[in-house]
Amino acid sequence: MAALRRVAALRTELRLCGRVARAAWGLSPRRGYALSPAENSPTFGFLLDIDGVLVRGHRVIPAALEAFRRLVNSQGQLRVPVVFVTNAGNILQHSKAQELSALLGCKVDPDQVILSHSPMKLFSQYHDKRMLVSGQGPVVENAQALGFQNVVTVDELRMAFPILDMVDLERRPKTTPLLRNDFPAIEGVLLLGEPVRWETSLQLIMDVLLSNGNPGTGLATAPYPHLPVLASNMDLLWMAEAKMPRFGHGTFLLCLETIYQKMTGKELRYEGLMGKPSILTYQYAEDLIRQQAERRGWAAPIQKLYAVGDNPMSDVYGANLFHQYLQMAKHGRAEELVPGGLWKQRPSATQSCASILVCTGVYSPQNLGSTGPAQGGAEPPFHGHRDFNFSPGLMEASHVVNDVNEAVQLVFHQEGWTL
C-alpha cells in the first residue's frame, strides 16, 4: 500500500507540474513569467542527464530545444552553470560535446561533459599499471585521456591467446597455436562500458582474474583478493528509440559478478564504481560547476544544484544520495558515505541537490515497473547495482515533470528568474 501511495503521489505531482502548474505560475505556452529579478550572478546550477532527457538515441527531444532557448541568453551564453552528466562512456569527451552542440544549438565545451568514467582520473595509483580495458568505441583513447598509459584491449588479448575465445565457432582457431610466454602480466581491469561481444569479454576478463593476470597459464586456486577492477556505468537499462528500455553496462556487470560468484564462491570486488549514482561522480560534477561559474566571473557561490534525469535508480537515487552527503558533510559525517578519501574535499558552498524526474525516458507514469509496484501490489524489482542498498526514500524524486523544458521552468520559478 505504501508503494501505491508513492505512485499516486508521483502522478499527482506530475499533473501539478504540468497543466495545473502552468496555471498556478501564470504561464501560457507562448508567454514566460512576468518576473524581472536581478540575474547578474546565479546561485544555482543544473546537472543534466542526456539519454532520455535531451535525446532519444540520435534524435533530440523537442522539449530540450525549448529548455535551451530559456537557458541561453541573447549572446548565446548560458545564463546559469550547466554540466551534462551521462552514464554513457563509449565516446570521447570532446566528441560528445560536439554532438551536444549540434543537437542543442548551443556551444557545449568538453569540460561541461562528464562521462561515466571521467572520475577515473582520480585513481592515479593505477595509471601506470598494465590494465585490460573493456568497452567499445575509442576505448584506448578514453583510457589514455583518463591517465592510463599502459592498456591492453580485449581484442589484443584474444589475438595473443586465440584459444581463449571459443564460443563463436567461426572464430575458433583451426590449429592449436603455440602458447606464448612473452606476454606481460595484466595488473588490473578497466570496465568502461558495454562491449559488443559479451561472451568474449566475459570469458577473457574471467581468465585474467582467475589467472592473476596471466591468461596463458592456469592456477590451481583462484587468487583472492583478485586483481583490482575499476568499473563505470552501473545502469541496468537505458532508453533509446525503442519503446522498451535497452540493456546497459549494469547488465554486463551483473553477468560478470554472477559468473565470478558461481565459479569461485566469492564476491567480485571493485576498487571503484563510477557514474551515477556514485557520490564521487556528483562531487566531480559539483567541482566542474564551480569552475564554470568562476570562468564566467559569477561572484556568488553556487548553493543549489538541480539534477534532471529520466532514470529513478541512477538519476534520482544519485542526486538524493548526494544531497544526503551534503547534509552529512555539514556535520562532519561525510566519511560515513564516502570512505577512502579519494576526493580532495574543498570547502563547498553547495547546500542542496534536488532531483527532478522527467517522463521522456526510462521512467513513465504509465510504466509502473519503473518505480511503482509490480503486479499484485508487490514491491518493484530493484534495478540498482549490488553495492548500492535499496532505499525507497532515495528513489523518490523532489519533483516529477513531463520533460526537461518543464524542469527548467520549475527551477526558474523557484529561483525567481524570468523565462
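Distance between the pseudo-spin-label points of ASP128 and GLN149 (7 Å out from Cα toward the beta carbon): 0.9 nm. Exposure check, 1.4 Å probe, all protein chains in place: CYS359 carries approximately 30 Å² of accessible surface.
Between the C-alpha center of segment 156-182 and that of segment 213-253 there is a gap of 22 Å. Looking at segment 69-167, the accessible area is 40 square angstrom per residue; that uses a 1.4 Å probe and ignores ligands, DNA and RNA.
Restricting segment 120-211 to trypsin sites (Lys or Arg not before Pro) that sit in a DSSP loop and have at most 14 other Cβ atoms within 10 Å of their own Cβ leaves LYS174, ARG180. A cut-off under 10 angstrom between Cβ atoms defines the neighbours of THR251, and their net charge, with Lys, Arg +1 and Asp, Glu -1, is -1.
Here the dipole of segment 138-213 is about 220 debye; that uses its Cα centre as origin and unit charges on the Cβ of Lys and Arg (positive) and Asp and Glu (negative). The residues of segment 209-270 have, on average, 49 Å² of accessible surface per residue, using a 1.4 Å probe with all protein chains present.
The residues of segment 277-329 expose on average 29 square angstrom of accessible surface per residue, using a 1.4 Å probe on protein heavy atoms.
The values are calculated or read from the model by the stated rules, or taken from the named source; none is laboratory data. On a predicted model such as this, the values are computed, not experimentally measured, just so you know. So basically every Cβ, Gly included, is an ideal-geometry build from the backbone, and we count neighbours across all protein chains shown. The area values use the complete protein model at the heavy-atom level, side chains included, leaving out ligands, DNA and RNA. Shrake-Rupley method; radii C 1.70, N 1.55, O 1.52, S 1.80 Å.
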